[in-house]
1. Can you put Lys215, Lys88, Lys200 in order, fewest other beta carbons within 10 Å first?
2. Treating the stretch 74-268 as a set of equal point scatterers at the Cα positions, no solvent, please give the Debye-formula log₁₀ I(q)/I(0) at q = 0.09, 0.19 Å⁻¹.
3. Of Tyr201, Tyr189, Tyr221, how do they rank once you tally other Cβ atoms within 10 Å and put the fewest first?
4. Calculate, in nm to one decimal, what Val51 and Ala227 gain on full extension: separation in residues at 0.36 nm each, minus their alpha carbon distance.
5. Treat each spin label as a single point 7 Å out from the Cα along the C-beta direction, and report the Arg235 to His73 distance in nm.
6. Pull out the extension gain between Ala266 and Thr192, defined as 0.36 nm times the separation in residues minus the alpha carbon to alpha carbon distance; nm, one decimal.
7. Of the peptides 139-145, 111-117, how do they stack up when ordered by the mean number of other Cβ atoms within 10 Å, highest first?
8. Report the FRET efficiency, 1/(1 + (r/R0)^6), for Asp159 and Thr249, where r is their Cβ-Cβ distance and R0 is 41 Å, rounded to 0.05.
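Taken together, the values in this text are just the output of simple stated rules run on the coordinates, not laboratory data. This one's a predicted model, so the numbers in the text were calculated from it and none came from an experiment. Backbone-built Cβ (ideal geometry, glycine too); neighbour counts: all protein chains shown.
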Amino acid sequence: MGRFHRHDDGTEHDHDHPHDRAHQPDPEGSAVSAEHGDLSAYGTGVERVSVLERIFDENDRAAATNRAAFDAHGVRAVNLMSSPGAGKTAVLVHTLRHLQERGVRAGVVEGDIETSLDADRLTGLGAQVALLNTGNGFGGECHLDAPMVARALGDLDLDTLDLLLVENVGNLVCPAEFDIGAHDSVMVYAITEGEEKPLKYPVMFRSVGVVLVNKMDLLPYLDFDLAMFRDNLARVNPQARVIEVSARTGAGLDEWHGWLTAGVAAAAVGEAVT
């Protein structure tokens, strides 16, 4: 899809408008777009706006197709994002074991630029696992987009799944900008990252409904202000649900597992989950 960023100012675009109309640059030829920010510093600013619009329109059409496939099969899809090393895979190891014990049929799309290291960790835990390396035909992108996920779905049997967990590429920027067709977006945030991250990376924190605050077992050993982090998060996303966890000890994961299984139950009857 290309290394483009939808928003320069940290705002989000929720695509409430119909997508049967084409997005156009400013009629006066300006390289300033309400959706894509101010690109006027580029000599090719107007052309960049046009390219961005085509890229995101293509992605959003693919995302709608993915979501329709999930709905048709009664599958709840969750996009799991974080910076590298925040603990997404460690959380998933616990989660897949729990889901297997509960009889929830889970699948994983494991996104990485290279290697099968994380996919290998998740194999044998009762879930279907589809590896998606963006370095294999997708330019080594730093995120997953909807066409990539569509490709990975060919390696999964949606008829036999209740839940799909998409582990996105570790990155605090790009993954939040691409709709992949998931019903929910969740972020794993590690307290080793600092209290200021919601203010520095607002697009990511605004895009999620749940923030798993991971590595809480390290709190006694760090100069980390949890209350300040919560305040900063509330400034950019006051609706986000915060769940404090430790993927190392398992503390707090029961609440996360409960939220996930509630989503599966809701999907079975066509309802939303909060």
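1. Lys200, Lys215, Lys88
2. -0.30, -1.41
3. Lowest to highest Cβ neighbour count: Tyr221, Tyr201, Tyr189.
4. Full extension of this stretch gives 59.2 nm more.
5. Output for this residue pair reads 4.2 nm.
6. Numbers: separation 74, 0.36 × 74 = 26.64 nm, distance 3.38 nm.
This chain segment gains 23.3 nm when fully extended.
7. 139-145, 111-117
8. Once rounded, the FRET efficiency stands at 0.65.
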